[in-house]
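For reference, the structure discussed in these notes is given below.
Just so it is clear, none of the values below were taken in a lab; they were calculated from the coordinates. Keep in mind that this is a model prediction, so the values were computed, not measured. Virtual Cβ from ideal backbone geometry, glycine too; neighbours counted across all protein chains shown.
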Amino acid sequence: MHSCRGGKNVVQGSLERIGGTGTIKFVSEGGERFQEAAITRDHADAALRVFDRLRSTPSMEHGDIGAVGHRVVHGGHLFTGPVLLNDEIIGAIEAAKSLAPLHNEPSLMAIRTAREVLGPSVPMVAVFDTAFHSTMPERASRYAIPEGIASRYHIKRYGFHGVAHRYMVDRHAAMTGAPRDGANLVTLQLGNGCSAAAIKGGRSIDTSMGFTPLEGLMMGTRSGNIDPHLPGFLARMEDVDMDRVEEWLNSQSGLLGVSEYSQDMRELLEAEKAGDAKAGLALEMFCYGVRKQIGAYLASLGGADAVVFGGGIGENAAEVRRRICGGMEWCGLVIDEAKNSATVGIEGIISADNSKIQAYVVPIDEEAVIARDTLRCLMS
């Protein structure tokens, strides 16, 4: 969360581990820091805690809030850019929440709470993760299913993490001085949720997530790609409904499901060092899947200028980056071990001087993108 005035951050903060005992953190522009434990029931409760904290922050009084930008994961087929929120738009976001059950409902909770707290006079804007990928050509966005069914239910590959991928494209241009619209990149958002994108001329032409955020790379608790027949098979064999199977695939799979220990990459790396074979397998599967996706996108792009790592894992896990890029010298991607080890939680280049494809780490600031989009939407 960022609160901005005059193009600069007045205060920034976060509330972590919503739904239990977490932590609320704020840092003001003057460097004052606040941190305390916070018990929250859900995202509505968390939003109330944030507004309460803003009221007591000297540099950010309640009356100073001129607009609010909200990240919404799934915009469905209706939204390909930021949009001013009203009851009709909120209803459309509500209708799309079944496509991103882990994400859209929490966003709606925060939106409704913000409207209740701030009232109708404060404009609010929704910024959609799917919007950045609306430039994908049909050959990449279509599923090979009957046209009538696809059209009736607007079934296609929407892609997600668009705000993060867009930020990586923007930062690559700023770091290199190269034109944004000339960039050919593979961008990697690696965190609890993971996705890759193929960027040609600064625009998304393919991405690993699809109709929902479950498709694609192996993630913290999500399976990623599976045989389409598997959910039905599991429902029949386990005598459960599809909702239960989808819960397994979304919440009990991925790194957690394979390791039977944790979805946290830091914990898995430590467990592997201690000899945990399942943790080691989960890590091997994760890195192999990302490396395979990079290779696929290098083929679809006809080569790339750079691979860009972002997200909690991409920004902080140097060992995971090393494993992902290991053995990719065949395509000209060579990691500098010293640079890679030193670039943890900071922006920088991690490829060797003789690498034909560069590799960068970019700590992602989604809030800055949302703030800029909110301002542009209100000024248009």
**Prompt:** Leaving out same-chain residues fewer than 8 places away, which lysines sit with a Cα under 29 Å from that of LYS292?
**Reply:** LYS156, LYS200, LYS273, LYS278, LYS339, LYS356
**Message:** Can you give me the long-range amide H partners of GLY224? Hydrogens built in the peptide plane at 1.01 Å from N, cutoff under 5 Å, separation of 5 or more residues or another chain.
**Reply:** MET219
**Message:** For HIS70, what residues show an amide H to amide H distance below 5 Å, using hydrogens built from the backbone and excluding near sequence neighbours?
**Reply:** VAL125, ALA126, VAL127
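Write down, largest first, the equivalent ellipsoid semi-axes of the chain in whole Å, where each equals the square root of 5 times an eigenvalue of the alpha-carbon gyration tensor.
Whole-Å semi-axes of the equivalent ellipsoid: 31, 26, 23.
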**Prompt:** Short version: ³J(HN,Hα) in whole Hz for each residue of region 284-296, in order, from phi by Karplus 6.51 cos²θ - 1.76 cosθ + 1.60 (θ = phi - 60°), x for Gly and Pro, what are they?
**Reply:** 5, 5, 4, 5, 4, x, 5, 4, 5, 5, 4, x, 4
**Fill in**
Out of LEU255, THR130, VAL169 - ranked by how far each Cα lies towards the positive end of the dipole of the chain, with unit charges on the beta-carbon of charged residues - the top one is VAL169
**Message:** How many angstrom lie between the Cα centre of region 184-209 and the Cα centre of region 254-304?
**Reply:** 17 Å
**Request:** May I have the convex hull volume per residue, in Å³, for the Cα set of region 59-158?
**Result:** 106 Å³
**Complete:** Once amide hydrogens are built 1.01 Å from N within the peptide plane, the residues lying 5 or more places from GLY348 or on another chain with amide H under 5 Å from its amide H are VAL361
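Net charge within 11 Å of SER341 by Cβ-Cβ distance, Lys/Arg positive one each and Asp/Glu negative one each, not counting SER341 itself?
Details: positive: ARG321, ARG322, LYS339; negative: GLU319, ASP336, GLU337.
Taking every other residue near SER341 into account, the sum is 0.
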**Item:** 3J(HN,Hα) from dihedral phi, region 153-168, Karplus parametrisation 6.51/-1.76/1.60, rounded to Hz, x for glycine, proline
**Value:** 10, 6, 8, 6, 8, 7, x, 9, 6, x, 5, 5, 5, 5, 4, 5
**Item:** Helix-only mean residue ellipticity at 222 nm for the chain, each DSSP H run of n ≥ 4 adding -39500 (n - 2.57), per residue, nearest 500
**Value:** -12000 deg cm²/dmol
**Request:** Have a look at SER98, SER208, SER195 and tell me which one the Gaussian network model of the chain (Cα, springs below 10 Å) gives the largest fluctuation.
**Result:** SER98
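Rg over Rh of region 162-361, using C-alpha atoms and the Kirkwood radius, what does it come to? Intermediate values should be presented prior to the final figure.
Details: Rg = 17.3 Å, Rh = 17.4 Å.
Rg/Rh: 1.00.
Grab the other residues whose beta carbon is less than 10 angstrom from that of PHE132, score K and R as +1, D and E as -1, and report the net. If you can, show how the numbers build up before the last one.
Details: positive: ARG166, ARG203; negative: ASP129.
So the surrounding residues net to +1.
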**Message:** Order these by the 10 Å Cβ neighbour count, fewest first: ASP353, ASP365.
**Reply:** ASP353, ASP365
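Within the chain, what's the longest stretch lacking trypsin sites (Lys or Arg not before Pro) that sit in DSSP loops with no more than 16 other Cβ atoms inside 10 Å? Write down the numbers at each step before the final one.
Values: sites that count: ARG17, ARG41, ARG142, LYS356.
After excluding every exposed loop site, the longest remaining stretch is 143-355.
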**Complete:** A correct Karplus calculation of ³J(HN,Hα) over region 331-338, with 6.51 cos²θ - 1.76 cosθ + 1.60, θ = phi - 60°, whole Hz and x for Gly and Pro, returns 9, x, 9, 10, 8, 8, 4, 5
**Complete:** Summed over the other residues with a beta carbon less than 10 angstrom from that of GLY81, with K and R at +1 and D and E at -1, the charge totals 0
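Exposure proxy check: CYS194, CYS325 ranked by fewest other beta carbons within 10 Å? List each step's numbers first, then the result.
On the way: CYS194 28, CYS325 24.
With the sparsest Cβ surroundings first, the list reads CYS325, CYS194.
Can you sort PHE309, PHE211 from fewest to most other Cβ atoms within 10 Å of each residue's own Cβ? Could the numbers behind the result be given before it?
Details: PHE309 30, PHE211 18.
In increasing order of surrounding Cβ atoms, one gets PHE211, PHE309.
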